[in-house]
Structures are given as C-alpha cells and as structure tokens.
Amino acid sequence: MVELRSERNLGLIGSVLILVGSFTGVIPYWGMVAGGLSLVGEILVLIALKGLGDKLKDDRPFKYYLYSVIATIGIAVIAIIFMAVGIVAMASTGMTFNETPEQVLGALGIGMIFLGMALILAALVVGIYYAVKTWRVTHELTGVEEFDKTATFIKWGAITAILLVGILLLFVAAVYQIIAFAKLPEELEGKPQTETINAL
C-alpha cells in the first residue's frame, strides 16, 4: 500500500486555485491575481502528480500534465509576443501602405499577428490533448472514475469551445477534477501498470 494523502491534498488545493483563477480572470483589475492563482494551482497539481507517479511507479500523469502546461503557457507566451510585435509593426505604418518600406512593415505585422494566432491555436490543441491523456491515465492508475470524466468533459469542451456550451463543459471538467482529487483514496495498492490508456 502507498500513502497518497499529501498528493490528494495538493491536487485538491491546486485544482480549486486553477478553477478560481481560470474563470474569474475576466473580472476587471483581477486578471493578474487570477493568473497568479492559476499558475500556483498548476504547480501544485504537477507536484501532486509527480508524487503519485513516483509512488505508483508510473511517471505518465506527471509527464503528460507537464507537456500540457508547457504547451498551453509556453507556446501561448511566445504567440502573444509575436502578436504584440505584429501590432506594433502595423501601428508604425499608420495603417497606410503608400510607400514600399511601409508596405513591407505592414505585411510583416499582419504576418506576425496571424502567426501568433496560429501558435495560440496549436498551444491549445497540444495542451488539451495532453490534459486528456493525463486524466485518462490517472484514472487507469487510481481507479477514481471522476478523473476519466474530467478527461471526457475537457475533450468535448474543447471540441465545442466555439459555442458557449464548450465553456460550460470546461467548467464542469474543472469541477470534476476537484471532485476526483477529493475522492482519491489516502492509501492505494501500488502495482505495475501495463495497460494502455483509453482512446481519446
């Protein structure tokens, strides 16, 4: 038997912080605080999954979640930089393209903006893909059904994100993540895992 009390508590607290930070960031003057809460939450969940993986002799939950965080945050930051440079480049042209240098700078700005948007989309796709894999394999290792439901709601929330229902499904996924960590047993039998994760 392996003791998972600390992993459960860290994952639970981290998941609550992620939920609060993610869905309150639109409040005026609260964005920076919300972002900080989400970041702290992500770190706590990473620590929880690292401990869980070490104790159950399977590093996939930590590895997949780390990939998700790096993709979502890292690539998104790079994308925002590209978009900012593009906006500055276009603004410096005065939105007129009468001279060749301005045409080049304006075209460069537009290109940087579209590249930034493409990178953000790529970051979201990769981040969601690995988030789904994280909770599928965590369900496989722990037997906690809510981890599998978290993965399912993340997947369908991402697919329907263009609609308002997608945002609701992502909110439900965040709630299920909290419930999953709350239901994680304090002790679990440690055994080698050879099964493959469920199909996305």
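Residues considered: Lys50, Lys57, Lys63. Of these, the only one that is in a loop (DSSP other than H, G, I, E, B), charged (D, E, K, R) and at pLDDT 80 or above is Lys57.
If you scan segment 1-36, which residues turn out to be in a helix (DSSP H, G or I), modelled with pLDDT of 90 or more and of a type in the set (A, V, I, L, M)?
Leu10, Leu12, Ile13, Val16, Leu17, Ile18, Leu19, Val20, listed by residue number.
Across segment 125-153, the number of residues qualifying as assigned to a helix (DSSP H, G or I), open to solvent by less than 20 Å² (accessible area, probe 1.4 Å) and within 30 Å of Glu189 (Cβ to Cβ) comes to 12. Candidates in segment 154-200 are the residues that are among the basic types (Lys, Arg) and at pLDDT 90 or above; of these, the one that is surrounded by the fewest Cβ atoms within 10 Å (Cβ to Cβ) is Lys183.
The values are calculated or read from the model by the stated rules, or taken from the named source; none is laboratory data. Quick caveat, the model's predicted, so the values are computed rather than measured. With ideal geometry, Cβ positions are generated from the backbone for all residues, glycine too; neighbour counts draw on all protein chains shown. Accessible surface areas use protein heavy atoms only, side chains included; no ligands, DNA or RNA. Shrake-Rupley method; radii C 1.70, N 1.55, O 1.52, S 1.80 Å.
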